[in-house]
Amino acid sequence: MAVAEGKIARNPARLVRPPKHVQHERQPWSAAEVKTFLAPASADRLHAAWRLSLYGLRRGEVLGLRWADIDLPGQSLTASQSRVLVEYQVRIEEPKSRNGYRTLPLDDALIDALKVLRKRQAQESAAAGPAYTGSENVATNVLGEPVHPEWYSDEFGRLLKRAGLRRITLHDSRHTTLTLMEHAGVPISVITRWAGHYDSSFTQRTYVHASGDDLKKGRQALARIHTIG
């Protein structure tokens with residue numbers, strides 16, 4: 001404005017260089033660390049929810065999941081909404097793209113955990129009587145109320161601390177899942193669909209991480225290639 005009005009000859013702000021953004025390098029868990037977490041988490045009331053978070057679902061997708069979204073006999077779930085925190089308010093949002101709507105097959109351990117949680121919620125409802133809210137959500141407290149997103153992230157931190165694991169964020173568990181799937185040889189196209197992403201290059205660039213052990217595998221492969229005779 002001052003330049004336009006002729007009060008100064010040039011805009012001094014143009015000489016200011018903004019600080020460079022340094023992308024935080026994520027260090028997802030190894031398969032062994034995942035198992036270390038799941039061992040004590042199996043005794044937790046929300047064991048099924050922790051398994052869902054380590055199944056590649058976003059926090060909002062886990063907290064937005066309803067029992068109607070889960071087909072226990074068919075061993076699948078459908079991600080169709082998220083329960084997210086926006087400006088300190090919890091909101092229900094639909095997936096941002098059609099790729100976010102997806103149905104995933106569930107493994108036996110996750111099905112068993114969900115059945116245990118479903119039975120436990122029925123017992124809690126009977127014990128609480130009229131005080132029970134009767135929420136349709138999978139992740140609830142003992143009164144049937146949906147758990148708060150911040151509490152869920154904090155509880156994840158408390159669980160991993162009790163397990164003696166190095167600290168990662170709850171969102172890093174999603175990075176962990178997709179990275180381990182890639183290490184297991186799952187095609188990137190499948191991982192992209194699993195994650196609910198639109199672009200495989202985004203999944204590869206953002207969610208699949210190479211560790212030091214991965215680089216050693218590269219060294220071993222080159223050593224085999226370069227062996228003479």
### Summary
Computed curve, segment 158-207, Cα-only Debye sum without solvent term, log₁₀ I(q)/I(0) at 0.17, 0.23, 0.31 Å⁻¹, is -0.54, -0.79, -1.16
### Expected 222 nm ellipticity per residue - DSSP helices of 4 or more, -39500 (n - 2.57), all of the chain, to 500
-14000 deg cm²/dmol
### Query
Considering the Cα trace of segment 101-165, what is its radius of gyration and what is Dmax, both in angstroms?
14.2, 40
### Message
Give the aspartates and glutamates whose C-alpha is closer than 17 Å to that of residue 35, dropping any in the same chain fewer than 8 places away, or say none.
### Response
44, 107, 108, 112, 172
### Message
Are there any GluC sites (Glu not before Pro) in segment 45-132 that are in a DSSP loop and have at most 13 other Cβ atoms within 10 Å? List them by number.
### Response
87
### Query
Once you mark the trypsin sites (Lys or Arg not before Pro) that are in a DSSP loop and have at most 10 other Cβ atoms within 10 Å, what is the longest gap between them in the chain?
21-95
### Message
How high is the relative contact order of the chain? Use alpha-carbon pairs under 8 Å, at least six apart in sequence, and give a whole percent.
### Response
23 percent
### Task
Pick out, in residue order, every one of the chymotrypsin sites (Phe, Trp or Tyr not before Pro) in segment 51-102 that is DSSP loop and has at most 14 other C-beta atoms within 10 Å; say none if there are none.
88, 101
### Message
Taking the alpha-carbon distance from residue 217 and a cut-off under 18 Å, which aspartates and glutamates remain once sequence neighbours fewer than 8 residues away in the same chain are dropped?
### Response
182
### Query
When all C-alpha to C-alpha distances in the chain are sorted into bins of 10 Å, what percent of pairs does each bin hold, rounded to whole numbers?
7, 26, 31, 16, 10, 7, 4, 1
### Task
Using Cα positions and a limit of under 12 Å, work out the aspartates and glutamates in reach of residue 115, with same-chain residues fewer than 8 apart set aside.
71
### Task
Using θ = phi - 60° and the Karplus relation 6.51 cos²θ - 1.76 cosθ + 1.60, list the HN-Hα couplings for segment 98-112 in order, rounded to whole Hz, with x at every Gly or Pro.
5, 5, x, 6, 7, 10, 10, x, 10, 7, 4, 5, 5, 4, 4
### Label-point separation in nm, residue 122 to residue 90, each point 7 Å along Cα→Cβ
2.5 nm
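Rule-based calculations on the coordinates, nothing more; no lab input. Just so it is clear, the model here is predicted, and its values are computed rather than measured. With ideal geometry, Cβ positions are generated from the backbone for all residues, glycine too; neighbour counts draw on all protein chains shown.
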